[in-house]
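The values are calculated or read from the model by the stated rules, or taken from the named source; none is laboratory data. Because the structure is a prediction, the values reported are computed rather than measured. A quick note on method: Cβ atoms are made from the backbone with ideal geometry, for glycine too, and the neighbour counts reach across all protein chains shown. Please note that ligands, DNA and RNA were not included when accessible areas were found on the heavy atoms of the full protein model with its side chains. Shrake-Rupley method; radii C 1.70, N 1.55, O 1.52, S 1.80 Å.
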Amino acid sequence: MAFILALFAISLASGFLIPVTLAFLLFFVFARLRRSMVRRKIPAGIAAGLIVLTVVVAVALVLMAIATPASQLLDRIPEITGRLESKIQGLRGSISLLDAAVMQLRRNGDPESAVVTSSAFIAIVTAMPELVGQVFFVLCLLFFLILCGDLLYLKIVQSFDALSDKRAAYKALRDIEDSLGQYLGAITIINVGLGVAIGLAMWALGMPSPAVFGLMAFLFNFVPYLGAIAGALVATFVALMTFFGIGYPLFVGLVYMALTAIEGQLITPYYVSRRLRMNPVVVFGAIALGAYLWSIVGMVVAVPLLVVTSVIADHLPALHKFANFLSGESPPLLATTDTPT
């Protein structure tokens, strides 16, 4: 019951917990950079401001890269709807589900569809103030966390009585910095390479706006497993709207999946530290739970939170078995014969 109530509270307080979680994760990622800037005689306030400004510029560049293709896609919705309807008409025959899909698409061409579109637009505009407020909260909290990072660490360490506990707490905090920095740094670089590879592949296959697919692959791949599947489905759907037949669009989706499989099975395990690899079952479950509690943001932060949880469990003797369960390292081979107890 306590676990169920905790999940309910986490879901209910998502409006507050999501920005706080994002701010703390970003703080641990940039803590080493901030410490390096301070060692170079840069004041802590200026260092914090520069780091926050860098985050703002990076987010703005991503949004600018998405805005133009998104507006072009919205302009092409009637054309895409017509193509999809013609393709379904060639396949539907006596299949009732496809008949219903075609009728729905036909209704999308009626004036009533404009009402639905306008309603969706109003919902987005209504949600914008809350979204902007949360982003502003994340940036402000990140600024103060980076500004007062050493004081925060000192207060955490001082909360323990024994000297050994103080040392263990400080080591755990530094290990969280190192682990998150290594994990997110390696994943970001790998995702950039994957985005470039998929963008070039989509260009070679004649897909429209290949740069958009590269950016999509870069962003989607921060969500393990599900991001690759979603990207392949989007690529296949766009290919169905662009090319005749079904074979070539399926080939486009397979190429997308093949590149993400190479990244996930060969490149990421090679460059990501072994101790940072998570149990795939735990990762999938955490992503599903994060999506249930916090939607898309929950899916993105699920693995970084698992990394933090694993580091903390490594430093607590009572949780060593739990840390071993979270780990993705290969277990030792079990004996093939029974041994006396």
Flagged in the stretch 312-341 as within 23 Å of the chain's Cα centre (by Cα) and at pLDDT below 85, in numbering order, are Ala323, Phe325, Leu326, Ser327, Gly328, Glu329
Quick one: which of Ser71, Ser36 is open to solvent by less than 80 Å² (accessible area, probe 1.4 Å) and modelled with pLDDT of 85 or more?
-> Ser36
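Applying the selection to the stretch 229-263, what residues are among the small types (Gly, Ala, Ser), in contact (Cβ under 8 Å) with a residue 12 or more places away in the chain and surrounded by fewer than 17 Cβ atoms within 10 Å (Cβ to Cβ)? Write out each step before concluding.
If we filter the stretch 229-263 for residues that are among the small types (Gly, Ala, Ser), which is where we start, we get 230-232, 235, 239, 245, 247, 253, 258, 261.
From what's left, in contact (Cβ under 8 Å) with a residue 12 or more places away in the chain: 231-232, 235, 239, 253, 261.
Across the stretch 229-263, the qualifying residue is only Ala261.
Among the residues of the stretch 202-217, which ones are open to solvent by 20 Å² or more (accessible area, probe 1.4 Å) and in a helix (DSSP H, G or I)?
At the first step, the residues of the stretch 202-217 found to be open to solvent by 20 Å² or more (accessible area, probe 1.4 Å) are 203-206, 208-212, 215-216.
Within the stretch 202-217, Trp203, Ala204, Pro210, Ala211, Val212, Leu215, Met216 meet the criteria.
Taking the stretch 271-280 as the region of interest, how many residues are open to solvent by less than 30 Å² (accessible area, probe 1.4 Å) and either assigned to a loop (DSSP other than H, G, I, E, B) or in contact (Cβ under 8 Å) with a residue 60 or more places away in the chain (or both)? Spell out the reasoning first.
First, pick out the residues of the stretch 271-280 that are open to solvent by less than 30 Å² (accessible area, probe 1.4 Å): 272, 276, 278.
Among the residues that remain, those that are also either assigned to a loop (DSSP other than H, G, I, E, B) or in contact (Cβ under 8 Å) with a residue 60 or more places away in the chain (or both) are: 272, 276.
The qualifying residues number 2.
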Lone unmet requirement of (1) open to solvent by 50 Å² or more (accessible area, probe 1.4 Å); (2) within 15 Å of the chain's Cα centre (by Cα); (3) of a type in the set (Val, Ile, Thr) for Val283 = (1)
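Considering only residues that are in a helix (DSSP H, G or I), among the polar types (S, T, N, Q) and under 22 Å from the mean Cα position of the chain (by Cα), look in the stretch 218-270 and name the one that is modelled with the highest pLDDT. If you could, list the steps in order and put the result at the bottom.
Taking the stretch 218-270 and keeping what is in a helix (DSSP H, G or I), we get 218-220, 226-242, 247-270.
Next, only the ones that are among the polar types (S, T, N, Q) stay: 236, 242, 260, 265, 268.
Retained after the next criterion (residues that are under 22 Å from the mean Cα position of the chain (by Cα)): 236, 260, 265, 268.
Details: Thr236: 90, Thr260: 93, Gln265: 82, Thr268: 82.
Going through the qualifying residues, I end up with Thr260.
What residue, of Ile124, Ile146, is modelled with pLDDT of 85 or more and either buried (at least 18 other Cβ atoms within 10 Å of the Cβ) or at negative phi (or both)? So that I can check it myself, show each step before the final result.
Values: Ile124 fails: modelled with pLDDT of 85 or more.
Criteria check complete, one pass: Ile146.
Among the residues of the stretch 1-33, what is the count of those that are over 28 Å from Tyr292 (Cα atoms) and open to solvent by 40 Å² or more (accessible area, probe 1.4 Å)?
Applying the first criterion (over 28 Å from Tyr292 (Cα atoms)) to the stretch 1-33 yields 30-33.
Imposing the further condition that a residue be open to solvent by 40 Å² or more (accessible area, probe 1.4 Å) reduces the set to 30, 32-33.
Residues that pass the stated criteria total 3.
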Quick one: what pairs do we get from the stretch 180-205, first residue farther than 27 Å from Arg32 by Cβ, second surrounded by 15 or more Cβ atoms within 10 Å (Cβ to Cβ) and of a type in the set (Ser, Thr, Tyr), C-beta under 7 Å, 6+ apart or different chains?
-> Ile198/Tyr256
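Condition check ((1) modelled with pLDDT of 85 or more; (2) assigned to a helix (DSSP H, G or I); (3) charged (D, E, K, R); (4) in contact with a Pro (Cβ under 6 Å, 6 or more places away or on another chain)) across all residues:
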{"site": "Val102", "(1), (2), (3), (4)": "no, yes, no, no"}
{"site": "Arg107", "(1), (2), (3), (4)": "no, yes, yes, no"}
{"site": "Ala114", "(1), (2), (3), (4)": "no, yes, no, no"}
{"site": "Pro129", "(1), (2), (3), (4)": "no, yes, no, no"}
{"site": "Phe160", "(1), (2), (3), (4)": "no, no, no, no"}
{"site": "Asp175", "(1), (2), (3), (4)": "yes, yes, yes, no"}
{"site": "Ile189", "(1), (2), (3), (4)": "yes, yes, no, no"}
{"site": "Leu194", "(1), (2), (3), (4)": "yes, yes, no, no"}
In the set Lys166, Lys171, which member is touching a residue at least 24 places away in the same chain (Cβ under 8 Å) and surrounded by fewer than 18 Cβ atoms within 10 Å (Cβ to Cβ)?
-> Lys171
